[in-house]
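Peer 1: The structure under discussion is supplied below as structure tokens; questions concerning it will follow.
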Amino acid sequence: MTLQEKINSLYQDPTLFNVEEFEFIAKELINGLNTGKIRSAQKDDNNNWIVNDWVKKGILLLFKYGNLTDYSINKNFNFFDKNTIPTHNFTIEDNVRIVPGGSSIRTGSYISPGVICMPPMYINIGAFVDEGTMIDSHALVGTCAQIGKRVHLSAASQIGGVLEPPNARPVIVEDDVMIGGNCGIYEGTLIRRRAVLGSGVVITSSTKIFDLVKERIIKAENGNPIEIPEGAVVVPGARKINTPFAEQFGLSISSPIIIKYRDEKTDSKTALEDYLR
Ligand SMILES: CC(C)(COP(=O)(O)OP(=O)(O)OC[C@H]1O[C@@H](n2cnc3c(N)ncnc32)[C@H](O)[C@@H]1OP(=O)(O)O)[C@@H](O)C(=O)NCCC(=O)NCCS
């Protein structure tokens with residue numbers, strides 16, 4: 001049986017659980033995720049993102065069948081987590097810069113050589129972070145999130161985790177995207193390559209995004225989460241609420257706006273500094 005088949009059967013039928021067999025499954029899955037050979041989602045030849053739900057099921061099994069373990073450094077620094085998902089062990093040869101101070105990377109995540117992690121930041125299980133990406137302070141790369149090459153995740157940006165249901169698409173950020181400070185990207189949102197999110201943009205599956213350039217409304221449709229088009233420059237916005245009560249108090253609701261598509265000015269503002277890399 002392949003790893004995929006073993007995970008699918010155990011997920012469906014817990015009576016198949018066997019400690020030795022599970023240790024083997026866990027090791028193979030973690031090794032695959034740590035080296036980037038196994039991913040919770042990946043792009044196919046037609047530019048579509050395919051969710052590997054068996055991988056997400058495998059991660060859920062790690063939680064379910066793991067035992068709480070003492071990872072304390074000493075009696076003052078106490079950490080307890082499932083034995084199946086400790087921190088990711090790096091060596092200097094991995095060529096990832098992890099600046100000292102309060103960051104943590106869970107095992108079962110792939111961090112490409114050349115990635116820079118500024119403290120404090122956190123990368124959760126199932127995440128994939130590709131080369132040249134900068135994860136700034138207080139940023140979160142949530143469960144199974146897929147982050148492309150040369151992405152800038154600015155300070156305090158939150159890339160939400162999507163583990164359940166297993167077939168749900170994780171948050172995906174493609175190559176050369178800039179996520180401004182304090183953004184929140186959740187619920188399977190897909191940010192196509194070279195898009196720019198101005199600081200403070202928050203997107204969930206209920207958000208409506210108004211494209212001022214192409215005069216259209218982008219929203220989650222037919223079970224597909226929101227997709228921000230390639231090169232879009234999205235800034236925080238608001239739209240008026242038209243009920244009498246809302247009119248009385250001048251209320252509006254958050255609605256990010258595509259203000260333009262990337263041009264030279266945007267490129268120069270969001271350029272990655274080679275000296276830092
Ligand atoms: C989006 C961003 C990159 C600007 O891109 P740009 O291509 O230079 O945008 P422009 O300056 O040409 O602005 C185009 C229009 O959008 C508006 N706009 C741009 N950024 C905006 C923002 N963040 N919020 C609201 N409006 C914004 C401008 O006022 C301008 O409006 P106008 O046409 O009415 O004059 C920048 O605003 C931003 O948010 N950068 C992220 C900063 C950050 O988080 N850094 C991280 C540090 S860790």
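Peer 1: Collect the residues in the range 82-126 that are more than 20 Å from Leu272 (Cα to Cα), in contact (Cβ under 8 Å) with a residue 40 or more places away in the chain, in a loop (DSSP other than H, G, I, E, B) and within 16 Å of the chain's Cα centre (by Cα), keeping them in residue-number order.
Peer 2: Scanning the range 82-126 gives Thr107, Gly108, Ser109, Ile125, Gly126.
Peer 1: Now a separate question. Would you be able to tell me the number of residues in the range 121-160 that are out of contact with any His (no Cβ under 6 Å at 6 or more places or on another chain), within 15 Å of the ligand (Cβ to nearest atom), at negative phi and not β-branched (Val, Ile, Thr)?
Peer 2: Final tally of qualifying residues: 10.
Peer 1: Further question on the same structure: Please state which one of Ser268, Ser252 is closer than 18 Å to Ile179 by Cα and among the polar types (S, T, N, Q).
Peer 2: Residue meeting the stated conditions: Ser268.
Peer 1: Could you please let me know if Asn222 is closer than 25 Å to Ala41 by Cα, exposed (fewer than 13 other Cβ atoms within 10 Å of the Cβ) and more than 16 Å from the ligand (Cβ to nearest atom)?
Peer 2: The answer is yes for Asn222.
Peer 1: Residue by residue through the range 184-206, note down the ones that are β-branched (Val, Ile, Thr), surrounded by fewer than 22 Cβ atoms within 10 Å (Cβ to Cβ) and either within 16 Å of the ligand (Cβ to nearest atom) or not in a loop (DSSP other than H, G, I, E, B) (or both).
Peer 2: Within the range 184-206, Val202 is the sole residue that qualifies.
Peer 1: Hey, among the residues in the range 128-142 that are free of Cβ contacts under 8 Å to residues at least 60 places away in the same chain and buried (at least 24 other Cβ atoms within 10 Å of the Cβ), which one's nearest to Arg39 (Cα to Cα)?
Peer 2: Top of the filtered list is Val129.
Peer 1: Out of all the residues in the range 226-255, which are within 12 Å of the ligand (Cβ to nearest atom) and of a type in the set (A, V, I, L, M, F, W, C)?
Peer 2: If the condition is that a residue be within 12 Å of the ligand (Cβ to nearest atom) and of a type in the set (A, V, I, L, M, F, W, C), then Ala232, Val233, Val234, Val235, Ala238 are the ones that fit.
Peer 1: Give the residues of the range 167-183 that are in contact with a helix residue (DSSP H, G or I) (Cβ under 8 Å, 6 or more places away or on another chain) and in a strand (DSSP E or B), sorted by residue number.
Peer 2: Correct list: Met178 only.
Peer 1: Hey, another quick one. Return the residue satisfying two criteria in turn: it lies in the range 208-219 and is within 16 Å of the ligand (Cβ to nearest atom) and outside any strand (DSSP E or B), and of such residues it is farthest from Gly148 (Cα to Cα).
Peer 2: Among those that are within 16 Å of the ligand (Cβ to nearest atom) and outside any strand (DSSP E or B), it is Glu215.
Peer 1: Note down all Cβ pairs under 6 Å where the first residue falls in the range 257-272 and is under 21 Å from Glu131 (Cα atoms) and in a helix (DSSP H, G or I), the second is of a type outside the set (S, T, N, Q) and near the ligand (Cβ under 8 Å from one of its atoms), and they're at least six residues apart or on different chains.
Peer 2: Listed by first residue and then by second, the contacts come to Thr270/Met178; Thr270/Val196.
Peer 1: Show the residue pairs meeting these rules: Cβ distance below 6 Å; 6+ apart or different chains; first residue within the range 168-183 and among the basic types (Lys, Arg) and away from the ligand (no atom under 15 Å from the Cβ); second residue at pLDDT 95 or above and assigned to a loop (DSSP other than H, G, I, E, B).
Peer 2: Listed pairs, sorted by first residue: Arg169/Gly188.
Peer 1: List the residue pairs whose Cβ atoms are under 9 Å apart, where the first residue sits in the range 219-242 and is farther than 12 Å from Thr207 by Cα and polar (S, T, N, Q), the second is outside any loop (DSSP other than H, G, I, E, B) and more than 16 Å from the ligand (Cβ to nearest atom), and the two are 6 or more positions apart or on different chains.
Peer 2: Between residues of the range 219-242 that are farther than 12 Å from Thr207 by Cα and polar (S, T, N, Q) and residues that are outside any loop (DSSP other than H, G, I, E, B) and more than 16 Å from the ligand (Cβ to nearest atom), the close pairs are Asn224/Leu190.
Peer 1: Pick from the range 26-64 the residues that are in contact with a strand residue (DSSP E or B) (Cβ under 7 Å, 6 or more places away or on another chain) and free of Cβ contacts under 8 Å to residues at least 12 places away in the same chain: which of them is nearest to Pro225 (Cα to Cα)?
Peer 2: Ile50
Peer 1: Turning to a different aspect of this structure: Looking at the range 202-239, which of the residues that are touching a Gly at 6+ places or on another chain (Cβ under 6 Å) and of a type outside the set (A, V, I, L, M, F, W, C) is nearest to Ile185 (Cα to Cα)?
Peer 2: Going through the qualifying residues, I end up with Pro225.
The values are calculated or read from the model by the stated rules, or taken from the named source; none is laboratory data. All values derive from a computational prediction rather than experimental measurement. Every residue, glycine as well, gets a Cβ built from its backbone with ideal geometry; the counts of neighbours run over all protein chains shown.
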